[in-house]
Each structure stands twice: as C-alpha cells, then as structure tokens.
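Some notes on the structure that comes next.
The values are calculated or read from the model by the stated rules, or taken from the named source; none is laboratory data. All of these numbers come straight from a predicted model, not from anything done at the bench. Note that we place each Cβ from the backbone using ideal geometry, even for glycine, and neighbour counts take in every protein chain shown. Note: accessible area is taken over every heavy atom of the protein model, side chains too, but ligands, DNA and RNA are not part of it. Shrake-Rupley method; radii C 1.70, N 1.55, O 1.52, S 1.80 Å.
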Amino acid sequence: MDIQEIWDNVTVLVTEYGIKLVLAIVILLVGKWLARIVTALARKSLDKRGMEATIAGFACNIIYALLMTIVIVATLGQLGIQTASFVAIIGAAGLAVGLALQGSLANFAAGVLMVLFRPCKIGDFIEAAGTAGTVDDISIFTTTLKTPDNKTIIAPNAAIMGGNIVNYSAQTTRRIDMLVGVSYEADLRKAKAVITALVGADERVLRDPEPTIAVSELADSSVNFVVRPWVNSADYWAVKFDLTEKIKLTLDEEGIGIPFPQMDVHLHKLPE
C-alpha cells in the first residue's frame, strides 16, 4: 500500500467519522446547555407556584439527571453505537451495579422519603446523623448542613433518615432549661424573687406559657432552682446567654452566694 492509498483511507475515515465525532460533541455540549436551561426554567416555575425549596431542588436534580441521560444516549447514537443494545447492556449492568451500590440506592430512597414526609426542610436547624447544623440543601443522595461555626457537612440521606431527627426549627417557640444553684445559707425566698424579677423584666420571654421557677433539689453543695422561661425559637440563645449573665451579676449584688463543689480533706498523722 503506497502513501496515496494510505492518505485516501485516512481522508475517508476523517470525513466519515470526523463529522460524526464533531456532531456528537455538538450534541453533548448543546444538550448539556439545554438541560441546564430547562432545569433553571423548571426551578423558576416551581418557585413562582410557591413550592417549598426542598421539594423544588430535589425535583430539579431529578429532571437534570433524566435530561442528561437522554443527551448521552443521543450522543452515543450519533457515534454509531446501537443505542437499543446499549440500553439493554445498561439494564443488565444496572442490576449488578445496583447490588454493588445498595448504599447509594438506600440514600436515594431516603432522599425521596425526606421530600415526601418532610421531617426537615431547607433553613431548619436539625440534629441528625451524629451532627447538627442548618439544612442548606437536600439532593438525591446527600443532605448538606452548615454548622453555626460555618462548616459544611455533607451527610448521606440514609444516615439522616436511619436515626432520630431533632428539628429545632419545627416549632415557633422553645423552652430554655437553666439550673441555678445557691448556697444553703442563702434566703431562698429572696433568691427566687430576684430570679423571677429578672426573667419577667426580659421582654423576649413569653408570658404564655408562664415561666417556671422552682426549687428542684437539695444537692450536695447547693440548693438548685430550675429556671424555665419560654421564648420564640429565634431568641433562644440570646435570651439564655443574657439571663445567665444577669442572674450571676444580680445574685452577687444581692449577696446571694452561688457555691461550687468543695471537698474537705482530712490528714491523719500515722505513728512513727
């Protein structure tokens, strides 16, 4: 075979398959671009209808995955690959892959359950899967949380749905549980009156339900009061920090001691 024949064969291959390759690349790029546009339009449409962000984001992820599957099949068809047999191969391989990826399928199923039953939604502060944070995104396989110190935690959906979910944002109000100890020599009536006045003076404390302030136990080193005011969920930490500081300062000003655990050590001298 001389150089001319080789060149003619190369020209034929480039002409025949080069065009197919270029068209396949165009289909892939344009299809991906269209998939993003359709997904964005779907998201806008769902947002206009007032659909919850959690459900809208999950639905858009599924739409994008389905569209990209169609684009990939069309790209392979342009390259001359028999898509019918390819789909059959994918189906056969899907069974084996499904068995190998049971964890991923469990995460997908858990994601669907999270969208359907909505134990939490985007913006809720939850405690689940051994961590706590604000729900930032719920995707097909994972849930993204942001911690109060601005760390991002990506937790598998199955781990979240497989255990207890504590949703701190589900209710509009929360109860603050505080324990305040005073010395045994202190005037309990005066101490209770001081704490009651401080709690009542804070405008963020709700009047209904009424705060609970009572002696809870006679501990080893102190007489303990439980202080349980109700506040709006958004005010929880601010009120708790403020009351803790004010109670300590005011009790000091009133001469009411707050004891700390003490231990008496007796030394015995052994005879020589």
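Things to note:
- Estimated distance in nm for a label pair at residue 149 and residue 29, the labels positioned 7 Å out from Cα along Cα-to-Cβ: 4.6 nm
- Taking all protein chains together and rolling a 1.4 Å probe, residue 36 ends up with roughly 140 Å² accessible.
- Gained length - residue 246 relative to residue 177, 0.36 nm times residue gap less alpha-carbon distance: 23.3 nm
- Per residue value of the accessible surface for the range 147-207 (all protein chains in place, 1.4 Å probe), Å²: 63 Å²
- Of all accessible heavy-atom area on the range 147-270, the percent that carbon and sulfur account for (1.4 Å): 53 percent
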